[in-house]
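One structure is given here, and the rest of the page talks about it.
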Amino acid sequence: MSELNLEINIGNLKMKNPIMPASGTFGHEMASILDFNKLGALVPKSITKYPRGGNNTPRVCEINTGMINSIGIQSKGVEYYINELLPEYASFDSPLIASISGDSVEEFVEMTEIIASHEGVSAIELNISCPNLENDGQAFGMDAEVSYQLIKKAKEVTDKPIIPKLTPNVTNIQEIAIACEEAGADALNVANTLLAMSIDIHTGKPKIGNVMGGLSGPALKPVIVRMIYQVSQVTSIPIIGCGGVMNGEDALEMIIAGATAVQVGTANFINPAAMLDIIEEIELYMMRYDISDINDLVGTVKIDALNPTAV
């Protein structure tokens, strides 16, 4: 069998393999235990324009099939990100995708222009799953028109790939995905965490200080696989699968459903080397089934043509 090709493209961004961390689950301090140069890309925690303290504690609770978190995008602000964080990542070969969170469309665009202007940033992930303070706190990504305007304006200030991170907390994710593609998005991250709640039956209180938080881990994966498949049926740009990937089989399931790349989140807390293990497991799978190019596997799910509910 010829040499395996795991290289994929996200717009004009070339990655050596399809595996990268999910924003918020990965930091520079992991460099001491993980070879960053073996990852397809690096995605630090979302950055906000101004320093932010985050939500009330407790911010994380474990559940039977994953975890719930409500960190609140704790951030040291864009100046710290540029002056302190970007130089820390400059020594690595893997491209850096900067994740941005904003309170308004204008703030998203302003931060995109500032951060994308730095040579060390290869692409921008727009966290449109966060609340839009101009629209009664509803997430930007819950409104197709708002999503369209945000992506369109962000594309006007940079030539680097723009990747909106969609929210699963919508009735029809296809509608949002189509709007983002029409606005010029280079790829779609499907998706962020699912709104959830857990209660301590002994105290009667929510286990999260902010009452509700985002569900991640194995319980989320079947929802995300479904959404990846749905989005792949109505868009033609690359999809980055995100949600519940714990091993190579999970990542491969998303790729077969239609994802070009995959982000790994909760698994990093359990096993800091999870992403490297997943890359190795994908290679073993490709050798087992005589697949020389990972791109040949994208969207190959076999659906019965007579099934009227397939899409």
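Structure notes:
- Within segment 14-27, the set of residues being surrounded by 15 or more Cβ atoms within 10 Å (Cβ to Cβ) and closer than 29 Å to G72 by Cβ comprises I19, M20, P21, A22, S23, G24, T25, F26.
- Scan of segment 189-208 for residues that are within 24 Å of the chain's Cα centre (by Cα) and in a loop (DSSP other than H, G, I, E, B), ordered by number: A191, N192, T193, M197, S198, I208
- Test: residue in segment 177-185 that is farther than 20 Å from I8 by Cβ, surrounded by fewer than 20 Cβ atoms within 10 Å (Cβ to Cβ) and either touching a strand residue (DSSP E or B) at 6+ places or on another chain (Cβ under 6 Å) or touching a residue at least 60 places away in the same chain (Cβ under 8 Å) (or both): no
- Restricting segment 26-44 to residues that are at pLDDT below 95, under 19 Å from the mean Cα position of the chain (by Cα) and assigned to a loop (DSSP other than H, G, I, E, B), the residue that is farthest from G258 (Cα to Cα) is G27.
- The listed residue being aromatic (F, W, Y) and touching a His at 6+ places or on another chain (Cβ under 8 Å), out of Y89, Y50, Y80: Y89
- In this entry, A219 passes the filter for residues that are surrounded by fewer than 20 Cβ atoms within 10 Å (Cβ to Cβ), under 17 Å from the mean Cα position of the chain (by Cα), within 24 Å of I68 (Cα to Cα) and touching a residue at least 24 places away in the same chain (Cβ under 8 Å).
- Put simply, of I176, I114, I124, I163 the only residue that is in a helix (DSSP H, G or I) and within 18 Å of P95 (Cα to Cα) is I114.
- Residue count for segment 49-80 under the criterion of being under 14 Å from S101 (Cβ atoms), of a type in the set (S, T, N, Q) and out of contact with any strand residue (DSSP E or B) (no Cβ under 8 Å at 6 or more places or on another chain): the result is 1.
- Scanning segment 55-100 for residues that are part of a helix (DSSP H, G or I) and out of contact with any helix residue (DSSP H, G or I) (no Cβ under 9 Å at 6 or more places or on another chain) yields E79, Y80, N83, E84, P87.
- Single match in V231, V170 (criterion: among the aliphatic types (A, V, I, L, M), under 30 Å from K155 (Cα atoms), buried (at least 23 other Cβ atoms within 10 Å of the Cβ) and in contact with a helix residue (DSSP H, G or I) (Cβ under 8 Å, 6 or more places away or on another chain)): V231
- Failed item, numbered, when G53 is tested on (1) surrounded by 14 or more Cβ atoms within 10 Å (Cβ to Cβ); (2) at pLDDT below 95: (1)
- Inclusion of P168 among residues that are in contact with a strand residue (DSSP E or B) (Cβ under 8 Å, 6 or more places away or on another chain), closer than 27 Å to V105 by Cβ and not in a loop (DSSP other than H, G, I, E, B) is not warranted.
- Scanning segment 189-203 for residues that are of a type in the set (V, I, T) and either in contact with a strand residue (DSSP E or B) (Cβ under 9 Å, 6 or more places away or on another chain) or within 13 Å of V223 (Cα to Cα) (or both) turns up V190, T193, I199.
The values are calculated or read from the model by the stated rules, or taken from the named source; none is laboratory data. Note that the structure is a prediction, hence the values are computed from the model and not measured. Every residue, glycine among them, receives a Cβ derived from its backbone with ideal geometry; neighbour counts consider all protein chains shown.
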